[in-house]
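So the structure is just underneath, and the comments pick up after that.
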Amino acid sequence: MSKQNVEVVRRWFEFYNRRDEAGLTQLNTPDYEMRSVFAGIEAGGIFRGEAFPAEYFRTLDDAYEQFELTAEEFIDVGAAVLMVGRIAWRGRGSGAAGSDPLFAVFWLRAGKVFREESFKVRAEAFEAAGLDD
C-alpha cells in the first residue's frame, strides 16, 4: 500500500502544479486538512475540505506574484509520504523574492490524502513523519 501512497502523492503534486482543483479534490478525503507554512498564515494556514483548493490558491495569489514548487524526493513512511522539495517565490506588492526548502508530510487513508502539513525545517518534518533526521 505504501508504494501506492507515493504514487497518489506524486499525482497530487502534478495536480497542484497545474492548479487542477478537481484533481486535488478527487485525491483528498472529504475531511481533508492542510496546514501551510506559506499561505494564509495570518489565519493559521489551515485549509479544509472540498473548499481547500480554491481558498488556498486564492490566498497564494493574494500574497505571491510567483509561487513555484519543485518536489525533489518522495519518502515512503508507511501510512504517510514525506516530500522534500523547494519553493521559489516572489511577494506580491513587495517584490521580495527567494527560494526556500520545503518539506511536506501527507497522511493517507484508503488511497486518499486526509491531512497534509508543510514545514520549512527538515527536522520538524521528519519528526512529524515519525522519522529520524
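The values are calculated or read from the model by the stated rules, or taken from the named source; none is laboratory data. Please read all numbers here as calculations on a predicted model, not as lab measurements. Methodologically, a virtual Cβ is constructed for each residue, glycine included, from the backbone with ideal geometry; neighbour enumeration extends over all protein chains shown.
List of remarks:
- Just one of the listed residues (Glu124, Glu65) is surrounded by fewer than 17 Cβ atoms within 10 Å (Cβ to Cβ), over 16 Å from the mean Cα position of the chain (by Cα), farther than 21 Å from Lys3 by Cβ and not small (Gly, Ala, Ser), namely Glu65.
- Yes/no for Glu117 being touching a residue at least 12 places away in the same chain (Cβ under 8 Å), surrounded by fewer than 17 Cβ atoms within 10 Å (Cβ to Cβ) and among the acidic types (Asp, Glu): no
- Residue that is farthest from Arg10 (Cα to Cα) [pool: residues in the range 87-100 that are surrounded by 14 or more Cβ atoms within 10 Å (Cβ to Cβ) and not small (Gly, Ala, Ser)]: Arg92
- Phe47, sole failed condition from (1) within 30 Å of Ser2 (Cα to Cα); (2) at pLDDT 95 or above: (2)
- Qualifying residue in the range 63-84 (condition: part of a helix (DSSP H, G or I), over 23 Å from Gly130 (Cα atoms) and touching a strand residue (DSSP E or B) at 6+ places or on another chain (Cβ under 9 Å)): yes
- Cross-chain or 6+ apart pairs with Cβ under 7 Å, the range 7-31 first and surrounded by fewer than 16 Cβ atoms within 10 Å (Cβ to Cβ), then of a type in the set (Ser, Thr, Tyr): none
- Filter result (farther than 18 Å from Gln66 by Cα and either assigned to a loop (DSSP other than H, G, I, E, B) or under 12 Å from the mean Cα position of the chain (by Cα) (or both)) within the range 12-25: Trp12, Leu24
- Selection from the range 71-89 of residues that are farther than 14 Å from Ser118 by Cβ and not hydrophobic (A, V, I, L, M, F, W, C): Glu72, Glu73, Asp76, Gly78
- The set of residues from the range 32-54 being crowded, with 17+ Cβ neighbours inside 10 Å and part of a helix (DSSP H, G or I) comprises Phe52, Pro53.
- Being surrounded by 13 or more Cβ atoms within 10 Å (Cβ to Cβ), in contact (Cβ under 8 Å) with a residue 12 or more places away in the chain and within 14 Å of Lys120 (Cα to Cα) is a description that applies to Phe103.
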